[in-house]
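Below: one structure, written as structure tokens.
What follows is calculated from the coordinates using simple rules that are stated; it is not laboratory data. Owing to the predicted nature of the structure, the values given are computational and were not obtained by experimental measurement. Virtual Cβ from ideal backbone geometry, glycine too; neighbours counted across all protein chains shown.
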Amino acid sequence: MAGTTEAPAPAGWDYEDPRPAILFDLDGTLIDSVYVHVLAWAEALRRGGIELSVWRIHRRIGMSGGLLVSALARETGLELTADDVQRLAEFHALEYERQRRSITVLPGARTLLRTLTTSGIPWAIATSGNEAGARPALDLLGAPGAVLVTRDQVRYAKPDPDLFLVAAERLGVPPARCVVVGDSIWDLLAAQRAGALAVGLLSGGYGRDELERAGAYRVYEDPADLLAHLDELGVRRPL
């Protein structure tokens, strides 16, 4: 019988360590902050002379602040300068900070992160928010030393893949071995562009159908529901 050759491993895959790495969005995925962002943007836009229904703002949460403002301005027919966008982002940051105390951790988030850590599963958080706004959330989550990648550390935020690519690099894991967990279609689009699998959560207000159409291969209610189905992500807990 003719000799056989071993099939090459897929690019970026290490058979010695086939465990996935998990890359989390933050707002609406681990902390219950989506509607705080919505109301903060509504107030910022109002101060800038732009009146919009909050549901229109919600549809853009998860994008970078600059893209969000530009997209919302387009819906009103306004043209904004770079200075206008910067000023609105500053208004949003001030209003978000004022409401920060109302933000809570989503059900199961702390236990999920703790379980991944004890199971030896690398994980990181990648958010379109800036570091000043995101860093306090790590204390809420009981993970002050977590790997955190924010808008001010990359060239472009979601829906571009930069945040997830940098997070994967910091974990030392190829993007193809990562699972992105997010609550918005912008998270899932960025995950696809990064070459990672995507999982959706309903805890940010997007519907199951929307998340699946955006590329989620599984959709769960919140971090607690995801924790109960970790095996579907290829995560094996220690016996």
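Overview of results
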{"item": "Per-residue Cβ neighbour rank within 10 angstrom, fewest leading, V199, V235", "result": "V235, V199"}
{"item": "Estimated FRET transfer efficiency (E75, T111; beta-carbon r; R0 45 Å; 0.05)", "result": "0.70"}
{"item": "Residues Y96, Y220, Y206 arranged by fewest to most Cβ contacts within 10 Å", "result": "Y96, Y220, Y206"}
{"item": "Inter-site label distance for Q153 and T104 at 7 Å from Cα along Cβ, in nm", "result": "2.9 nm"}
{"item": "Gyration tensor (Cα) of the chain, equivalent ellipsoid semi-axes in angstrom", "result": "34, 19, 16"}
{"item": "Karplus (6.51, -1.76, 1.60) ³J(HN,Hα), θ = phi - 60°, over region 204-216, in Hz, Gly and Pro reported as x", "result": "x, x, 7, x, 4, 4, 4, 5, 5, 5, 7, x, 6"}
{"item": "Kirkwood Rh, Cα atoms: Rg over Rh of region 35-102", "result": "0.93"}
{"item": "Acute angle (nearest 10 degrees) that the helix 131-140 long axis makes with the longest principal axis of the chain, alpha-carbon atoms", "result": "60 degrees"}
{"item": "Once the Cα gyration tensor of region 167-239 is diagonalised, semi-axes √(5λ) in Å", "result": "19, 17, 9"}
{"item": "Inter-part distance where region 82-148 and region 176-199 are each reduced to a Cα centre, Å", "result": "18 Å"}
{"item": "Residue-by-residue Karplus 3J(HN,Hα) for region 80-89, coefficients 6.51, -1.76, 1.60, Hz, glycine and proline x", "result": "10, 7, 4, 5, 4, 4, 4, 5, 5, 5"}
{"item": "Antiparallel bridge percentage (DSSP; both residues within the chain; nearest 5)", "result": "10 percent"}
{"item": "Other-chain or far-sequence residues with amide H under 5 Å of R218's (modelled H)", "result": "G200"}
{"item": "Computed FRET value (nearest 0.05) for E90 with R170, which takes r as the C-beta separation and R₀ as 25 Å", "result": "0.30"}
